[in-house]
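J.: I'd like to ask you about the structure that follows.
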Amino acid sequence: MPSARWIVLVYVALSFYDTGMSWVLQLMHYPLYRDVGPAEFSQYIQHNNQRAVVPAILPALATLGVSLLLVWRRPVLIPAAMAVAAVLLNIVVLISTAIWQGRLHGQLVQAGKSEPAINRLVATNWIRTAAFSIQAIFALWIIHRLLGGSK
């Protein structure tokens, strides 16, 4: 099943990428919003939002697509429940983005600097960070199995 191997490899790579990206956003990038001056803030966030497409949004969408493929072309070493959980975790990321992070970024562009909105952004982003981190644990487990770890 060569295509299943590629799906697994891409899933593992994207899971690690998304997790690292999310932790950088969570611990470094979003908290730095507090240090941007009020006069420059709306423009900064607008540019940030435009530049987020390639490094953050597209990989997250690709991970959802690959996790769906993983359910469809799942190698026997990956339990069906784990493949389905990966899809559900990616859906959690999308819902969180739609309900909180996307709206908060739009609000910050329109209204300007708002400490409560920045705090809400940092707090609610833990949902995405946790969902991506759980997938990284899945990816580590998959690698363990591929390397001949316990069945």
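J.: Among the helices of the chain (complete DSSP H runs), which have Cα atoms covering no less than 15 Å along the helix axis and a Kyte-Doolittle mean of at least 0.0?
T.: On the way: long enough: 2-24 (33 Å, 0.86); 38-51 (20 Å, -1.66); 58-72 (21 Å, 2.03); 80-96 (24 Å, 2.58); 115-146 (46 Å, 0.71).
Qualifying helices, which must be both long enough and hydrophobic enough, are 2-24, 58-72, 80-96, 115-146.
J.: Here's a follow-up. Indicate the gyration tensor shape class of segment 80-151 (rounded, prolate or oblate), computed on the Cα atoms with a ≥ b ≥ c the square roots of the eigenvalues: a/c under 1.5 is rounded; otherwise a/b larger than b/c is prolate and the rest oblate. Walk me through the numbers before you get to the answer.
T.: Details: a/c = 4.86, a/b = 2.98, b/c = 1.63.
Since a/c reaches 1.5 and a/b is larger than b/c, the shape of segment 80-151 is classed as prolate.
J.: Report the charge-dipole magnitude of the chain in Debye, nearest 20, computed about the Cα centre from +1 at each Lys and Arg Cβ and -1 at each Asp and Glu Cβ. Before the final figure, lay out the partial values.
T.: Details: 11 positive and 4 negative charges, 95 e Å.
Around 460 debye, computed over the chain.
J.: Given a cut-off of under 8 Å on Cα pairs at least six residues apart, what relative contact order in percent is computed for the chain? If you can, show how the numbers build up before the last one.
T.: Values: 133 pairs, mean separation 59.4, N = 151.
About 39 percent, as a whole number.
J.: I want to verify the translational diffusion coefficient of segment 1-68 in µm²/s; compute it with Stokes-Einstein, Rh as the Kirkwood radius over Cα pairs, at 20 °C and 1.002 mPa s. Can you show the working numbers first?
T.: Details: Rh = 13.7 Å.
The Stokes-Einstein estimate is 156 µm²/s.
J.: With runs of 4+ DSSP H residues as the only contributors, calculate the mean residue ellipticity of the chain at 222 nm using -39,500 (n - 2.57) per run, divided by the residue total and rounded to the nearest 500.
T.: Calculated mean residue ellipticity at 222 nm is -25000 deg cm²/dmol.
J.: Next question, about the same structure. I need 126, 100 ordered by Cβ neighbour count within 10 Å, fewest first. Mind showing how you got there, number by number?
T.: On the way: 126 13, 100 17.
If I rank by nearby Cβ atoms, fewest first, I get 126, 100.
J.: Sticking with this structure for a sec: Which of rounded, prolate, oblate describes segment 29-112, given a ≥ b ≥ c as roots of the alpha-carbon gyration tensor eigenvalues and a/c under 1.5 marking rounded, otherwise prolate only if a/b is larger than b/c? Show your work: numbers first, answer last.
T.: Working: a/c = 3.61, a/b = 3.09, b/c = 1.17.
Prolate is the answer for segment 29-112, as a/c is 1.5 or above and a/b outweighs b/c.
J.: Quick one: what Rg and Dmax do you get for segment 2-146 from the alpha carbons, in Å?
T.: 16.7, 56
J.: In a GNM of the chain with a 10 Å cut-off on Cα contacts, which of 139, 83, 111 has the highest mean-square fluctuation?
T.: Taking springs between Cα atoms under 10 Å, the residue moving most is 111.
J.: For 115, 40, what ranking results if the residue with the fewest other Cβ atoms within 10 Å of its Cβ goes first?
T.: Numbers: 115 9, 40 12.
Least crowded to most crowded, the residues run 115, 40.
Each reported figure results from applying straightforward, stated rules to the coordinates on display, with no laboratory input. Worth saying up front: this structure is predicted, and the values here are computed from it rather than measured. Heads up, the Cβs are rebuilt from the backbone with ideal geometry, glycines too, and the neighbour counts pull from every protein chain shown.
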